[in-house]
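Peer 1: Shown below is the structure under consideration.
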Amino acid sequence: MLAMIKRNLLLYFRNWSGVFFSLMGALISFVLYLIFLKQNMLSSWAHVPHATRLLDLWLIGGTLAITAITTTLTSLSQMVIDRERHVTADLQLTDAGSLRLQLSYLLSAAVIGVIMQVAMFVIMLGDFALTDHVTVTIPQAINVLGLMVVSALLATAVNAILIQGVRTVTNLSKLGSIVGTAAGFLVGTYIPIGLLPAFAQDLVKLTPGSYVAALYRQLLMTDQLDTIFRHTPAARLNFEKLMGIRLDWSGLLTQSATYHIIGLIFIGAVVLTVGPTWVKQSHQRHRLRER
Amino acid sequence: MLLEAKHLTKTFGGHVAVNGLNLQIARGSFTALLGPNGAGKSTTMNLLIGLTTPSLGQVSYANQAKRGVVFQNSVLDERLTVTENLQIRAQQYRHVARSKVAAVSAELGLTAFVHQRYGTLSGGQKRRVDIARALLNDPDILFLDEPTTGLDIQTRTAIWDLLRHLQRARQLTVVLTTHYLDEADAADSVYIIDHGSLVAAGTATAIKAQYAEDVLQVTSSDVDRLRERLTVMPTACNGDQLIFKLPSPQVALDILTTNRDLITTFEFRPGTMDDAFLALTGREMR
C-alpha cells in the first residue's frame, strides 16, 4: 500500500500543470479577493476596526476549504485514469487486493490535500503578512494544521463518492471544472453566505466544505472577533452568520456541533465508498475458498 | 496441461463474444491466438487470465500457476522511471524479493535506460519493460495481447527472440495474440478464432498444409497449346500468364516437368499463414 501511495504522490507532483490547475479554484478565490472583492467588502465593513485583517483571515479559511476539495479531486482522478488504462486490471492480478488499492488512492489524496493546503496557507499568509501585517499565533497554526488533516480527509471521502460514477477521463475533466468553479461559491468564499438568497444559502449548507470553512474561520478569527465585538455580542452573532463563520441550523452551530456534522458526513462517505469494495472483496475471497 | 478451457462462453447482453471454446495449453509451450478484429481474441485472453468471468464453461489451471500479463496498451506510468515503475509493481506482490527488479532488468537488457522515464522510451524499449513487469512474480504462464503491434520489423524480431529465449530458459508457457500471421509460424500451436468460435487448431505447418494452397505462376510462349495439354485447370489466366492453386508442391513439379518446353519462367510460392487465414475467415472486412 505504501508503494502505491508513493506512486500516486509522484504522479501528482511530477505533473506540474496538473498541480497548478488543481489549485485553480483556490487561486481564483485568492486573486479575485485581492483584485476585486477586498475593497468592495471593506467599504461595507468600514465601521469594524481592523476589518482588513479580519477579512484576510476570513478569506484564508474559505480558500483552504476550496484547496482541499479541488486538490483531492485531482489526486483521486488517478483512480479513473487507472481504470480506463487497465492499470486496475494489472493491479488486480497482484496480491494487493482491491480494498487496499482503494485505500491507497484515498490516503494519497488526503496527503496531497494536506500538503497543498499548507502550501496555499503559506502563500496567502505570506502575502497578507507583508501587505496587511496579518499574523497567526503558534497554537493557531497548530490547530489549523490539524484542521487541514480533517479537511483533507473529508474532501477525499466526499469526492470519492462523486468519482465513483465517473468512468471516463473526459467526463472526469468535466466534473473537475464543475467542482473547481462551484467550490468557491458553495463554501461561501466568493460571496459571503449571508448575502446569498435563501435557496443558495441552503445549497451552501448542504456542501460539506462549508463546515470546514466555518471551522477554519473560527480558528483564525476568534481572537480578533473577541476584541472587536467585546461590547456588542449581538453584532458579533450577526457578523458570524453573515460571513459563514458559524453556520445557521435554526441557531448558530457551535464548534463541537460543526465537528460532529463533519464526522457524520465523513463516516457516511467512507461507508458509501469503501463499503462496496469491501463487500466485493470478501465475496471474492469467499468464492476462492470454495474452489 | 497447464491451462485448460472447456466450453468457454462469454456473452455481453445479446452479443456472444466467445462461443464454446475449448483450449489446451501445455506447460512450456508457445501458443498463438489468431483472429480478425473483433473475433473475440482479447475476450478469450481476459477469460483465460481470469480478468473476466465466463458466462458458461470454465478455465482451470494446474496447481496455482502464477500468471504474468502484458496488456495491449501499456499499464506503466509515463512520468515514472523504469525502475520506479518496476519497483512499485514488485511491492504489490507478497513474495517478490527487492533484488528482483535489478535481476529482471539485467535479464531483459534494460540496464542502459532504467533511470529514464518510461514515457521517453522508444516503442521497443517500452515493450521490453512491459515484459519485465510481467515477469516480476516469476510466472509459469505469460500472456501477451498483441505484443508486437505497431513495432518495426527489427523490434518485432527482437521481441520474438526474447520470448523464445524466455520460453526456453525459464520453461515459460507463452500465450499471445497477434495480427502478424507470419509470427504464428514460430508458435508450437496455433488457434484461429472467428466470431468467438474456434475455426482451426494445430501447429502452423499443419494448418497451412490443410488450409493454404500453394500458388504456381507460369509464363508461357504459347498459352493456348499449354492449356490444351494441362490436366490441372488454372484458376486465373492473365495474358501469357497462368496461375494455379495447388494442393501440394508435387503437383506443381508435374506441371513444370511435363510442359517445360512451353514454359519460359515460373514462380512457386508455398501456402502461407495469410492464405490459410483468409481461407478460414473470409475476405470480408470487420
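Peer 1: Could you pull out the residue among B:Thr52, B:Thr81 that is in contact with a His (Cβ under 8 Å, 6 or more places away or on another chain) and either surrounded by 18 or more Cβ atoms within 10 Å (Cβ to Cβ) or within 13 Å of chain A (Cβ to nearest Cβ) (or both)?
Peer 2: Going through B:Thr52, B:Thr81 in turn, just one is in contact with a His (Cβ under 8 Å, 6 or more places away or on another chain) and either surrounded by 18 or more Cβ atoms within 10 Å (Cβ to Cβ) or within 13 Å of chain A (Cβ to nearest Cβ) (or both): B:Thr81.
A quick yes/no check of all residues on (1) crowded, with 19+ Cβ neighbours inside 10 Å; (2) in contact with a Pro (Cβ under 7 Å, 6 or more places away or on another chain); (3) part of a strand (DSSP E or B):
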residue	(1), (2), (3)
B:Val218	yes, no, yes
B:Met233	no, no, no
B:Cys237	no, no, yes
B:Phe244	yes, yes, yes
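Peer 1: So, one more: Consider A:Thr94 against the criteria (1) farther than 30 Å from B:Thr52 by Cα; (2) in a loop (DSSP other than H, G, I, E, B): it satisfies all of them except one. Which criterion is unmet?
Peer 2: Against the list (1) farther than 30 Å from B:Thr52 by Cα; (2) in a loop (DSSP other than H, G, I, E, B), A:Thr94 comes up short only on (1).
Peer 1: So, of the residues in the range A:201-231 that are of a type in the set (S, T, N, Q) and closer than 15 Å to A:Leu186 by Cα, which turns out to be farthest from the chain's Cα centre (by Cα)?
Peer 2: A:Gln201
Peer 1: If you don't mind, another one. Please enumerate the residues belonging to the range A:192-222 that are of a type in the set (Val, Ile, Thr) and free of Cβ contacts under 8 Å to residues at least 60 places away in the same chain.
Peer 2: Correct list: A:Ile193, A:Val204, A:Thr207, A:Thr222.
Peer 1: Another question about this same structure. Suppose we filter B:Ala17, B:Ala26, B:Ala32 for residues that are within 30 Å of B:Ser189 (Cα to Cα), in contact with a Phe, Trp or Tyr (Cβ under 8 Å, 6 or more places away or on another chain), more than 14 Å from chain A (Cβ to nearest Cβ) and open to solvent by less than 60 Å² (accessible area, probe 1.4 Å); which single one remains?
Peer 2: On inspection, the qualifying residue turns out to be B:Ala32.
Peer 1: Now a separate question. Out of (1) surrounded by fewer than 21 Cβ atoms within 10 Å (Cβ to Cβ); (2) away from chain A (no Cβ under 11 Å); (3) assigned to a strand (DSSP E or B), the odd one out for B:Gln58 is which?
Peer 2: It is condition (2) that B:Gln58 fails.
Conditions tested, residue by residue: (1) within 12 Å of chain A (Cβ to nearest Cβ); (2) more than 21 Å from the chain's Cα centre (by Cα); (3) in a loop (DSSP other than H, G, I, E, B).
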{"site": "B:Leu76", "(1), (2), (3)": "yes, yes, yes"}
{"site": "B:Asn85", "(1), (2), (3)": "yes, yes, no"}
{"site": "B:Tyr93", "(1), (2), (3)": "yes, yes, yes"}
{"site": "B:Val96", "(1), (2), (3)": "yes, yes, yes"}
{"site": "B:Ala103", "(1), (2), (3)": "no, yes, no"}
{"site": "B:Gly119", "(1), (2), (3)": "yes, yes, no"}
{"site": "B:Ile131", "(1), (2), (3)": "no, no, no"}
{"site": "B:Asn137", "(1), (2), (3)": "yes, yes, yes"}
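Peer 1: If you go through the range B:62-79 one residue at a time, do you hit one that is under 27 Å from B:Gln125 (Cα atoms) and of a type in the set (Ser, Thr, Tyr)?
Peer 2: Yes.
Peer 1: Here's a follow-up. Within the range A:1-58, which residues are closer than 30 Å to A:Phe239 by Cβ and of a type in the set (S, T, N, Q)?
Peer 2: Matches in the range A:1-58: A:Ser29, A:Gln39, A:Asn40, A:Ser43, A:Ser44, A:Thr52.
Peer 1: When the range A:103-114 is examined, which residues are found to be open to solvent by 20 Å² or more (accessible area, probe 1.4 Å) and within 14 Å of another protein chain (Cβ to nearest Cβ)?
Peer 2: Across the range A:103-114, the qualifying residue is only A:Leu103.
Peer 1: For the range B:196-213, check the following and say yes or no: at least one residue is part of a strand (DSSP E or B), modelled with pLDDT under 90, of a type in the set (Val, Ile, Thr) and within 36 Å of the chain's Cα centre (by Cα).
Peer 2: Checking the range B:196-213: at least one residue is part of a strand (DSSP E or B), modelled with pLDDT under 90, of a type in the set (Val, Ile, Thr) and within 36 Å of the chain's Cα centre (by Cα).
Peer 1: State whether the residues of the range A:115-135 include one that is in a helix (DSSP H, G or I), more than 20 Å from the chain's Cα centre (by Cα) and within 14 Å of chain B (Cβ to nearest Cβ).
Peer 2: no
Peer 1: Suppose we filter B:Asp145, B:Asp161 for residues that are modelled with pLDDT under 95, more than 25 Å from A:Ser104 (Cβ to Cβ), open to solvent by 50 Å² or more (accessible area, probe 1.4 Å) and of a type in the set (Asp, Glu); which single one remains?
Peer 2: B:Asp161
Peer 1: Just the residues that are open to solvent by less than 90 Å² (accessible area, probe 1.4 Å), touching a residue at least 24 places away in the same chain (Cβ under 8 Å) and assigned to a helix (DSSP H, G or I), please, taken from the range B:252-286.
Peer 2: If the condition is that a residue be open to solvent by less than 90 Å² (accessible area, probe 1.4 Å), touching a residue at least 24 places away in the same chain (Cβ under 8 Å) and assigned to a helix (DSSP H, G or I), then B:Ala252, B:Ile255, B:Leu256, B:Met273, B:Asp274, B:Asp275, B:Ala276, B:Phe277, B:Ala279, B:Leu280, B:Thr281 are the ones that fit.
Peer 1: Looking only at the range A:235-279, filter to residues that are of a type in the set (Ser, Thr, Tyr) and not in a loop (DSSP other than H, G, I, E, B); which one of those is modelled with the lowest pLDDT?
Peer 2: Going through the qualifying residues, I end up with A:Thr277.
Peer 1: Do you know which residues across the range B:40-49 are at pLDDT below 90 and within 10 Å of chain A (Cβ to nearest Cβ)?
Peer 2: None; the set is empty.
Peer 1: Evaluate the following for B:Val114: is it farther than 18 Å from A:Leu11 by Cβ, in contact with a Ser or Thr (Cβ under 7 Å, 6 or more places away or on another chain), of a type in the set (A, V, I, L, M, F, W, C) and within 14 Å of another protein chain (Cβ to nearest Cβ)?
Peer 2: Judged against the criteria, B:Val114 is not a match.
Peer 1: A follow-up question, please. Do the conditions hold for A:Arg83, that is, is it within 22 Å of A:Arg285 (Cβ to Cβ) and of a type in the set (Lys, Arg)?
Peer 2: yes
Peer 1: Shifting gears a bit: Would you list the helices (runs of 4 or more DSSP H) that sit entirely within the range A:5-78 and hold 2 or more residues that are free of Cβ contacts under 8 Å to residues at least 40 places away in the same chain, open to solvent by 10 Å² or more (accessible area, probe 1.4 Å) and more than 14 Å from chain B (Cβ to nearest Cβ)?
Peer 2: A:24-32, A:38-44
Peer 1: Then there is this: Please find, within the range A:86-96, the residue that is farthest from the other protein chains (Cβ to nearest Cβ) out of those that are open to solvent by 20 Å² or more (accessible area, probe 1.4 Å) and out of contact with any Phe, Trp or Tyr (no Cβ under 9 Å at 6 or more places or on another chain).
Peer 2: A:Thr88
Peer 1: A further question on this structure: Pick out the one residue from B:Asn37, B:Asn63 that is among the polar types (S, T, N, Q), surrounded by fewer than 21 Cβ atoms within 10 Å (Cβ to Cβ), farther than 25 Å from A:Gln78 by Cα and more than 14 Å from chain A (Cβ to nearest Cβ).
Peer 2: B:Asn37
Peer 1: Sticking with this structure for a sec: Quick one: how many residues across the range A:86-133 are free of Cβ contacts under 8 Å to residues at least 60 places away in the same chain and at positive phi?
Peer 2: Number of matching residues: 1.
Peer 1: Looking at the range B:173-202, which of its residues are charged (D, E, K, R) and closer than 23 Å to B:Arg27 by Cβ?
Peer 2: B:Glu183, B:Asp185, B:Asp188
The values are calculated or read from the model by the stated rules, or taken from the named source; none is laboratory data. Just so you know, these numbers come straight off a predicted model, no measurement behind them. As a convention, Cβ positions derive from the backbone with ideal geometry for all residues, glycine included, and neighbour counts pool all protein chains shown. These area figures cover heavy atoms from the full protein model, side chains too; ligands, DNA and RNA do not enter into them. Shrake-Rupley method; radii C 1.70, N 1.55, O 1.52, S 1.80 Å.
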